[in-house]
Amino acid sequence: MGILSKKFLILVGLAILLAFLISFPFFATDYWMTLLILILIYTVYASGWNLFSGLTGYTNFGLAWFIGVSGYVSSILIADYQWPWLFAWPMGALFISLVSIAVGYILLRIKGVYFAISMVALTEGTRELFGTGYLEPITHGGKGLPFVAGIPLSTLYWSILFLAFVTIFICYKITSSKFGLQLMAIREDEQAAETLGINTTKAKILAFTLSSFLVGLGGAIHCTYQNYIDPNYAFNIQLTLTPIVMTLFGGIGTVFGPVLGATLFTFIHEILWAELTLLYMAIFGGILMVLILFFPQGLLGWMKRRGILPKIRKI
Amino acid sequence: MGEAILKVDQVVKRFGEVVALDHCSFDIEKGSITGLIGPNGAGKTTLFNLITGILQPDEGRIFFKGEEITRKKPYEIARMGIGRTYQIIRIFPKMTLLENLLVVGREKGKAVVEKAYELLHRVRLYEKKDEDASDLSFGQQKLLSLAQVLMLDSELILLDEPAAGINPTLQNELMELIHQLNEEGKTFVIVEHDMKVIMNHCQKAIALNYGQKIAEGSCSVILKDETLLEHYFGR
Amino acid sequence: MTNFLEILIRGLMLGSLYALVGMGLTLVWGVVGIVNIAHGEFVMLGAYFAFWTFSLLHLNPLISVVLSVPIFFLIGATLHKRITERLTNAPELSALILTFGMSILIWNLAQFFWTNTYRSVPYLTGNFSFLGLTLAKSKTISFFLALGMTIALFTFLKYSKIGKGIRATSQNSEVALVCGIDTKKMRTLTFGIGIGLAGAAGVIVSLQWVIFPQMGGSYVSKAFAIVVLGGLGNVQGALVGGFIIGVLESLVTQYMSAKMAQILPSLIILIILLLKPTGLFKR
C-alpha cells in the first residue's frame, strides 16, 4: 500500500489528535474545557489503577487514598505555605508514593478480597482521621480548605494533558515489557511465579508505588482544579469506584482500555445526568451489573475477541 | 558416589498435630535421576514444598550445592538452580506460550527471546508460541511447564508425577527428554506412582511413608523390598 | 456501675442485631464464594417491608419478622439463580463490582420511589425497668427476636439435611459434589438464607431506628468487620464477632465519641487482617 501503510496512518492520526488536544484551550468553550479536563483526570486515575490492579490482579479499592493524601499534601503546601503549584504537586505525589512503599510492603501480603477490604478500611480510616480535631491544625479538619493556586485554566489543562500522556506511555511500555509479564504472572499464579524465580514482592510493591505516584499527581491537580478540599471530597469512595468502572468498561488489563473507558463513560455520564437526573444512579448501578455479567472484558476485550483488534499486549 | 547436589538433613514438618515429615534425611547425587515413592500422604509433595522454599521446616536443614537454603525465599532458591513442576499443572493460562517462557528468563533483550524460541522448538511447541497457554492440551501443558523450568537453567529439577495423565507415546517423549537433559548434566528427582516409570528410568529410589524415609537404594533392590511392599499394599 | 451495665447490655443488644447481619454475609461468602456488598440493602428493604406492612396493612411487626424470612429467602434464591450463580467461577473482582452495582441500583430505586423522608415503626416505644436498669422495650424485644432467629439458624445448619449439605459445600465444594450433593442447589439455598436473615434483621431494625434508603451502608461495613473477625464462612465466629462489635461500639460511643466509634469497623478490619487474617476463631 506504499506510504499509506497502517502504521503510518495511525501515526498521522495520533499527530492530528495531539495537535487538536494541545490547541484546545484556544478555541474551546469553558464547558468543553471542563469536560476534557475531567476526562483527562479520570484517564490518569483509571490508567493508574489498571497499571497495578489490572495486571497483578490485586484489586485496589483504595485509589481514593492515593488521591486524598496526595491532594491534601499538595493543597496544604499551596494554601498554607505558599508553595507554587509546580512544586506542590510533585511533592504530594512523592509523599504518597513513599508512604505507599511502606503500606504496600505491609498490605500486599494479604491476598484477594481481603486486600480489597483492607484498602477500603485504610481509606475510610484516613478519611475519619483527617477530619478529627487532633489533626485539624494541619488539615483544617471537617471544615475543608478552599484555596486558589493562581494557575490559569489553560495551564492546568496542559499539565493534566501532559500527565495523561506520560501515564499512558508508561502503561504502554510496561505492559509489553518483562516487568509487565511478571505482574501478569502474579495475577495468573503468584506462588508458581515465585518458584520460577520471580521476586513477586518487589514487583508488586514497585507497581503499587508507581500507581500511587501517577494517581497522586492526578489527585493533586484535581484538587487544585476544584479549588477545594475536605475529607469527604478527597477520600470519597466514588473516586475509587468510578475509575474502576471506567477501566472495566474499556477493558481491564489493556493499555488503552482505561482511556477509552474514561472518555466514553464521561460522555455517557453527561448525557444520562442531563436527561435522567433522578434515576441516574440507579441506571449506573444497572449498567455496572450488565457490564460484569455480559462484558467482563470490556469494550477492547470484546473487540480483541471478535478479531476487530489484534490480540497484542501493546493495546 | 558422586558429590551431593542436594542434602536434606533431619527435616521435620508439622501441620498442627499431623507430622508430615518426621526426621527425614537423604542426599541426592549430582547427575542422578532419583525416584521418590510412597503412598499418598507420605509427605512427598511437602518435601518438594520445603526444598523449593514454599514452606519452612520446623526442624532440620536443607543444603543445595553446599549452601544452606532452609530459610531462603522461593524465588531465591529458584534462581540458585532448583526448578520444580507441580502435580496439578501450574502454568500461566492467560499468557501466550512465548510469554510463559519470557517471564521466567533472566537474560535481557534478544537473548531471552532466542532462548525461549530454542526451548519451544525442543518441546515441539514452537508453532503455538503465540497461543494462550490455556488452549494447550494437558500433555502439552506439562511440556510447557518443563520448558519454563529449563528457562531457568535449573541444575536440580523436581518433577511431581510427570507421567500422570498422559498417553504412553507422550510419556516416552517426556522421559526421552529427561534422559537427554540428564546427559547434559541435570539432576532429577521424580515423584511417581507408576512403578514401571521408576524402574525404567531411575537409578535410585527413596521411599517415604508417614513422613519417614523407610527405604533408600538402587531401584531393583527397593522394588523387591518386602517391608516396602507391605507399606504400599498393606500385605 | 449501673451505667456501665446498661451500656454493656445495650452493646449486647446491638451486637445481636449486627451478628444477624454478619452471619448472613459470612454464610454467603463462605458457601457461595461471593462477597455481597448489597447485603446491607436487603436489611434496608426488610425495614421498609416492616414499615409498609405496618402503615398500610396495620400488620404487627412481630408477624412481619416471621413473614420476612420466607419472602426474602425467595428473593435471595431467585437472585442467585438468575444472576449471581453465573459468577461462580469468575474472578473475585467481578462479584465485588456486580454486588456493588446491585447495591447502588437498589438504594437509588428505593430513594426514587420512597423518597428520603425518615420513616419509623412506632410499635414498641418507651422504656421499662428491670433490676434497677432502664432498658428500651424495642431494643429488648429486638434482642430476643434476633436470638431466636440465631438459634433457629444454628439448629437448621446442624441438624437438617440441607444444613449439613450447606456445611459440606462450604468446607469443600469439590468433595461435596463428588459425594452427590447438588452444590448449585446448596449455593442457591444459602444465598436465600443469607438474604432471608438480612431481611429479618431489617424488620427488627425498623423497631428501633429510623428508616431511610441509604441505611444499608453502615450495616455492611460492620458486617464486613464481623466476617473478618469471626473468620470467613464461620457462622459461630460471626455470632461472637457481632457481639464484640456491638459492645465495643457501645463502649466507645459512651466513653469517647460517636465519631470515634465510626472508625471502629475499619480499624478492626485492618488489625485482624494484619495479625490474624483467618479470623479469631477456629472453624
- Provide a single number: the residues in the range B:145-192 that are outside any helix (DSSP H, G or I), closer than 23 Å to B:Lys44 by Cβ, polar (S, T, N, Q) and without any contact (Cβ under 8 Å) to a residue 40 or more places away in the chain. 0
- Query: Looking at (1) touching a residue at least 40 places away in the same chain (Cβ under 8 Å); (2) assigned to a helix (DSSP H, G or I); (3) not hydrophobic (A, V, I, L, M, F, W, C), can you tell me which one A:Lys7 breaks?
  - Reply: (1)
- Query: Before we move on, is A:Ile22 under 30 Å from A:Ala193 (Cα atoms) and surrounded by fewer than 20 Cβ atoms within 10 Å (Cβ to Cβ)?
  - Reply: no
- Taking the range A:290-315 only, how many residues are basic (Lys, Arg) and either under 20 Å from the mean Cα position of the chain (by Cα) or under 19 Å from C:Pro91 (Cα atoms) (or both)? 3
- Message: Take the residues in the range C:26-45 that are within 15 Å of C:Leu153 (Cβ to Cβ) and modelled with pLDDT under 90; name whichever of them is nearest to the other protein chains (Cβ to nearest Cβ).
- Response: C:Gly30
- Task: Scan the range A:154-186 for residues that are without any contact (Cβ under 8 Å) to a residue 60 or more places away in the chain and either within 14 Å of another protein chain (Cβ to nearest Cβ) or of a type in the set (Lys, Arg) (or both) and jot them down.
- Result: A:Lys173, A:Ser177, A:Lys178, A:Phe179, A:Leu181, A:Gln182, A:Ala185
- Query: Just checking, how many residues over the range A:187-242 are more than 14 Å from chain B (Cβ to nearest Cβ), at pLDDT below 95 and touching a Pro at 6+ places or on another chain (Cβ under 8 Å)?
  - Reply: 2
- Message: Go through the range C:252-278 and report how many residues are among the hydrophobic types (A, V, I, L, M, F, W, C) and more than 9 Å from chain A (Cβ to nearest Cβ).
- Response: 8
- Task: Answer yes if at least one residue in the range A:209-225 is in contact with a Cys (Cβ under 7 Å, 6 or more places away or on another chain) and farther than 30 Å from A:Tyr134 by Cβ, and no otherwise.
- Result: no
- Query: Hey, among A:Tyr233, A:Tyr225, A:Tyr172, which residue is part of a helix (DSSP H, G or I), touching a Lys or Arg at 6+ places or on another chain (Cβ under 8 Å) and under 27 Å from A:Ser159 (Cβ atoms)?
  - Reply: A:Tyr172
- Message: Restricting to the range C:124-154, and then to whatever is touching a residue at least 40 places away in the same chain (Cβ under 8 Å) and among the β-branched types (Val, Ile, Thr), can you tell me which residue is nearest to C:Pro70 (Cα to Cα)?
- Response: C:Thr150
- Residue list for the range A:262-282, restricted to those being within 13 Å of chain C (Cβ to nearest Cβ), closer than 30 Å to A:Ile160 by Cα and assigned to a helix (DSSP H, G or I): A:Leu272, A:Tyr280, A:Met281
- Query: Do you know which residues across the range B:69-96 are at the interface with chain A (Cβ under 7 Å from one of its Cβ atoms), in a helix (DSSP H, G or I) and buried (at least 19 other Cβ atoms within 10 Å of the Cβ)?
  - Reply: B:Pro74, B:Tyr75, B:Ala78
- Scanning for something closer than 23 Å to A:Gly150 by Cβ, over 20 Å from the mean Cα position of the chain (by Cα) and part of a helix (DSSP H, G or I), does the range A:55-68 turn up at least one residue? no
- Task: Given the conditions (1) of a type in the set (Phe, Trp, Tyr); (2) modelled with pLDDT under 80; (3) buried (at least 16 other Cβ atoms within 10 Å of the Cβ), report the number of the one that C:Phe143 does not fulfil.
- Result: (2)
- Tell me, which residue of the range B:43-68 that is of a type in the set (S, T, N, Q) and surrounded by 17 or more Cβ atoms within 10 Å (Cβ to Cβ) is nearest to B:Glu155 (Cα to Cα)? B:Thr52
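Quick grid of which residues meet (1) over 25 Å from C:Leu280 (Cα atoms); (2) modelled with pLDDT of 90 or more; (3) surrounded by 24 or more Cβ atoms within 10 Å (Cβ to Cβ); (4) in contact with a Cys (Cβ under 8 Å, 6 or more places away or on another chain):
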{"position": "C:Gly199", "(1), (2), (3), (4)": "yes, yes, yes, no"}
{"position": "C:Gly202", "(1), (2), (3), (4)": "yes, yes, yes, no"}
{"position": "C:Ser206", "(1), (2), (3), (4)": "yes, yes, yes, no"}
{"position": "C:Ile211", "(1), (2), (3), (4)": "yes, yes, no, no"}
{"position": "C:Asn234", "(1), (2), (3), (4)": "no, no, yes, no"}
{"position": "C:Leu248", "(1), (2), (3), (4)": "no, yes, no, no"}
{"position": "C:Val252", "(1), (2), (3), (4)": "no, no, no, no"}
{"position": "C:Tyr255", "(1), (2), (3), (4)": "yes, no, no, no"}
- Of all residues in the range C:215-237 being farther than 22 Å from C:Leu45 by Cα and assigned to a helix (DSSP H, G or I), which is nearest to the other protein chains (Cβ to nearest Cβ)? C:Val228
- Of the residues in the range B:79-94, those that are among the charged types (D, E, K, R) and under 14 Å from A:Asp189 (Cβ atoms) come to B:Arg84, B:Arg90, B:Lys94
- Item | Members of the range C:101-113 found to be more than 7 Å from chain A (Cβ to nearest Cβ) and aromatic (Phe, Trp, Tyr), listed by number | C:Trp107, C:Phe113
- Query: Taking the range C:238-267 as the search range and keeping residues that are hydroxyl-bearing (Ser, Thr, Tyr) and assigned to a helix (DSSP H, G or I), which one is farthest from the chain's Cα centre (by Cα)?
  - Reply: C:Tyr255
- Message: Looking only at the range A:112-151, how many residues end up being within 14 Å of chain C (Cβ to nearest Cβ), in a loop (DSSP other than H, G, I, E, B) and not hydroxyl-bearing (Ser, Thr, Tyr)?
- Response: 2
- Note on the structure: Of the candidates B:Glu230, B:Glu184, B:Glu161, B:Glu226, the one satisfying the condition of being surrounded by fewer than 14 Cβ atoms within 10 Å (Cβ to Cβ) and at pLDDT 90 or above is B:Glu184
- Item | Pick from the range A:252-309, criterion among the aromatic types (Phe, Trp, Tyr) and at pLDDT 85 or above, ranking: surrounded by the most Cβ atoms within 10 Å (Cβ to Cβ) | A:Phe265
- Task: Return the residue satisfying two criteria in turn: it lies in the range B:22-52 and is within 14 Å of another protein chain (Cβ to nearest Cβ) and farther than 18 Å from B:Gln10 by Cβ, and of such residues it is modelled with the lowest pLDDT.
- Result: B:Thr45
- What about A:Val99, is it within 14 Å of chain C (Cβ to nearest Cβ), among the aliphatic types (A, V, I, L, M), within 30 Å of C:Val35 (Cα to Cα) and assigned to a helix (DSSP H, G or I)? no
- Query: How many residues are among the acidic types (Asp, Glu) and either under 21 Å from the mean Cα position of the chain (by Cα) or not in a loop (DSSP other than H, G, I, E, B) (or both) if we restrict to the range C:160-214?
  - Reply: 1
- Message: When the residues of the range C:151-166 are narrowed to those that are among the aliphatic types (A, V, I, L, M) and modelled with pLDDT of 85 or more, which ends up surrounded by the fewest Cβ atoms within 10 Å (Cβ to Cβ)?
- Response: C:Ile151
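The values are calculated or read from the model by the stated rules, or taken from the named source; none is laboratory data. Values in this document were obtained by computation on a predicted structure and should not be read as measured data. Using ideal geometry, Cβ is built from the backbone for each residue, glycine included, and neighbour counts are taken over all protein chains shown.
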